[in-house]
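Report on one structure; see the data block that follows.
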Amino acid sequence: MESQTNDFVVFEKIDKSYDGEVLVVKNLNLNISKGEFVTMLGPSGSGKTTTLMMLAGFETPTNGEIYLQNKPISKIPPYEREIGMVFQNYALFPHMTVQENLSFPLEVRKMNKSEVEEKVKKALDMVELGEFGTRFPAQLSGGQQQRVALARALVFEPRLVLMDEPLGALDKNLREQMQYEIKHIHERIGITVVYVTHDQSEALTMSNRIAVFNDGVVQQLSTPDILYEKPENSFVAEFIGENNTMLGTVKKLNGEYCEVDLDSGGTVKALKINVGSIGDKTKLSVRPERVVINSSNSNVNKFEGEVEELIYLGDHIRARLNACGSNEFIVKIPNEGQINLKEKSKIQVSWEPSDIRALDYN
């Protein structure tokens, strides 16, 4: 049976178990459009790599079906799926030159010599390694090897490219540089990319959409800005970016807002996102950059605190406070040259009700 959708990749009711008892992926339904860059993000053991391996053909779903361009692929072997793969360890052949590494997938496909040469040259130029064709992998830096691995995944013009933690072995600066390079190559050639990482900033930098996995389930699938600004549950709020969490009990429900009595004392007015009834426990989430210090505005959410630590980070000051029942309450204060804070000084924090989200208590 074919799946009649306009989506390029469709995961339909996918379960995966290795032992017949524990599901590492549970009832996964995920649609990916042609040309999209979708990242599967989550902690170790969350099911993201297993999902990628099922799409690649190295694992078989226990239940459900995966469709590629409307055709079921679970029974198609990996080498017939026309999918490019990039791994963390590059997987280059050490005894072959860069050109030979790139020629290999083309020769396997029985292409003629002149076509192979043309495609290899095009792929090397795309990753800006045109001069390096005669070198061996051991003669290249880590970043250059990763670009060769990327070129090899793209050289046969696959329908889809899968990347499993491809930048994990690189140092921070090179990693950030490669994030932009992969993003720009994707934009330039418009290929569909499914990317796996546990690095949230990498996911936010590169993706059109991000699927946040935890315990085999997609917790939220959204664009980077929605994921950061509007997390739907407490796991996503705490996993993506920095976050201040407060615990409390729902006191009042009022339209799109609720009032919550904090365990540490005081009442907060918050957006009602994912809460139960009055009397239920909730977790509140507010981003450090949304908190204002010593504001003269009459915000309803105002609390006293004390400065524990100040860290100068150039464009902003990161203040760690003892406030709202936590000595890890973080505020990011823009550096406008007028910050007169000192450690151990008393301080007032406040935020708008629209900037704090009442979420599930788990």
Which whole-Hz ³J(HN,Hα) couplings does region 327-336 yield from phi under the Karplus relation 6.51 cos²θ - 1.76 cosθ + 1.60, θ = phi - 60°, glycine and proline marked x? 9, 10, 7, 9, 10, 9, 10, x, 7, 10
Rank these by accessible area, largest first, 1.4 Å probe: 155, 218. 218, 155
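Report, in listed order, any pair from 230/302; 16/75; 34/122; 26/272 with a Cα-Cα distance greater than 25 Å.
From the list (230/302; 16/75; 34/122; 26/272), the Cα-Cα distance tops 25 Å for 26/272.
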Starting from the exponent 0.38 and prefactor 2.2 Å, build the expected Rg for region 44-109 from its residue count and divide its actual Cα Rg by it. 1.34
Once both label points are put 7 Å beyond Cα along the C-beta direction, the residue 289-residue 112 separation in nm becomes 5.5 nm
When the scattering of region 76-121 is computed by the Debye formula from its Cα atoms alone, each counted once and equally, what is log10 I(q)/I(0) at q = 0.29, 0.33 Å⁻¹? -1.15, -1.18
Local electrostatic count at residue 259 - Lys and Arg +1, Asp and Glu -1, tallied over other residues with Cβ under 10 Å: +3
Residue 277/residue 187 FRET efficiency (R0 51 Å; Cβ-Cβ; nearest 0.05): 0.65
Per region 196-285, sqrt(5λ) over the Cα gyration tensor eigenvalues, sorted largest first, in Å, gives 28, 12, 12
Taking the alpha-carbon centre of each part, the distance from region 309-339 to region 219-262 in Å is 21 Å
Tell me, what is the percent relative contact order of the chain, built from C-alpha pairs under 8 Å that lie six or more residues apart? 15 percent
Charge tally in the Cβ shell below 15 Å around residue 50, where Lys, Arg are +1 and Asp, Glu are -1, residue 50 excluded: -3
Net charge near residue 111 (other residues with Cβ under 15 Å of its Cβ; Lys, Arg +1; Asp, Glu -1) is 0
Note: residue 82 to residue 58 extended length (0.36 nm per residue) minus current alpha-carbon separation gives 7.3 nm
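Consider all pairwise Cα distances in the chain and report the whole-number % of them above 34 Å.
That fraction is 41 percent.
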Fraction of alpha-carbon pairs over 12 Å apart in region 24-70 - percent: 67 percent
Antiparallel DSSP beta bridges within the chain, percent to nearest 5: 75 percent
Using Cα centres only, tell me the gap between region 165-206 and region 14-57 in whole Å. 19 Å
Please identify the longest segment of the chain free of exposed GluC sites (Glu not before Pro), where exposed means a DSSP state other than H, G, I, E or B and no more than 11 other Cβ atoms within 10 Å. 22-241
Students often get this wrong: which residues of region 305-348 have the backbone nitrogen under 16 Å from the point 7 angstrom along Cα-to-C-beta of residue 263? 323-329
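The values are calculated or read from the model by the stated rules, or taken from the named source; none is laboratory data. Not measured: the values here are computed from a predicted model. Glycine also receives a Cβ, built like all others from the backbone with ideal geometry; neighbour counts cover every protein chain displayed. When the accessible area is computed, the model is the full protein with side chains, heavy atoms only, and any ligands, DNA or RNA have been set aside. Shrake-Rupley method; radii C 1.70, N 1.55, O 1.52, S 1.80 Å.
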